[in-house]
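Below is one structure; the comments refer to it alone.
The values are calculated or read from the model by the stated rules, or taken from the named source; none is laboratory data. Given the structure is predicted, the values throughout are model-derived calculations rather than measurements. Ideal geometry is used to build each Cβ from the backbone, glycine not excepted, and the neighbour counts take in all protein chains shown. Side chains included, ligands, DNA and RNA excluded: accessible areas come from the protein's heavy atoms. Shrake-Rupley method; radii C 1.70, N 1.55, O 1.52, S 1.80 Å.
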Amino acid sequence: LIDLMVELIRRVSEGLPGVQIVYLTMFPRFIDRCCKSAGHMTKEDSLVMSGFRKAVDCDLVEELEEMGVDVLEWYNLLGWESEPGLEELVKKDVVCVDGVHLTNKANSFAAVSLCCRIAEVELFVKSAAGGKKRKMD
């Protein structure tokens, strides 16, 4: 997975010189048990999935940053400074009742936050290119 993603980013960079690539780290999934069926997605499975996601992201981020790719942590889009634990995520009500996916509210908030960040960067770049400095009101 890591090798495929690095190769994809490399090809995009070569095919579109000058393009700015931002990698958004993986959102957590399988945060909580989806049901009480025996042997189906236990609490330990949730911890393993979370650990695997973090390990893959850690290795991928290291390689992408070496390539000059900007990295944005998923939890920053929700306004958090650090990644909450699985139990805290459940308490923050960002997980659907299926225990797997994020709620529409959390996804919408993350999407709006990402759009605002992109718009802010574009505004800053255009202002800098025109010789104007960005002003805080």
Does segment 62-93 hold any residues that are free of Cβ contacts under 8 Å to residues at least 24 places away in the same chain, under 20 Å from Val48 (Cα atoms) and in a helix (DSSP H, G or I), and which are they? Tyr75, Glu87, Glu88, Lys91
Residues located in segment 50-83, provided they are surrounded by 15 or more Cβ atoms within 10 Å (Cβ to Cβ) and of a type in the set (Gly, Ala, Ser): Ser50
So Ser82 fits all but one of (1) over 21 Å from Ile9 (Cα atoms); (2) at pLDDT below 90; what number is the exception? (2)
Kindly indicate which of Glu81, Glu120, Glu73 is among the charged types (D, E, K, R) and touching a Ser or Thr at 6+ places or on another chain (Cβ under 8 Å). Glu73
Matching residues, segment 90-115, being under 15 Å from the mean Cα position of the chain (by Cα) and either open to solvent by 60 Å² or more (accessible area, probe 1.4 Å) or hydrophobic (A, V, I, L, M, F, W, C) (or both): Val94, His101, Leu102, Ala106, Asn107, Ser108, Phe109, Ala110, Ala111, Val112, Leu114, Cys115
Members of segment 9-49 found to be closer than 30 Å to Val95 by Cα and open to solvent by 70 Å² or more (accessible area, probe 1.4 Å), listed by number: Val22, Arg29, Arg33, Lys36, Ala38, Gly39, His40, Lys43, Glu44, Leu47, Val48, Met49
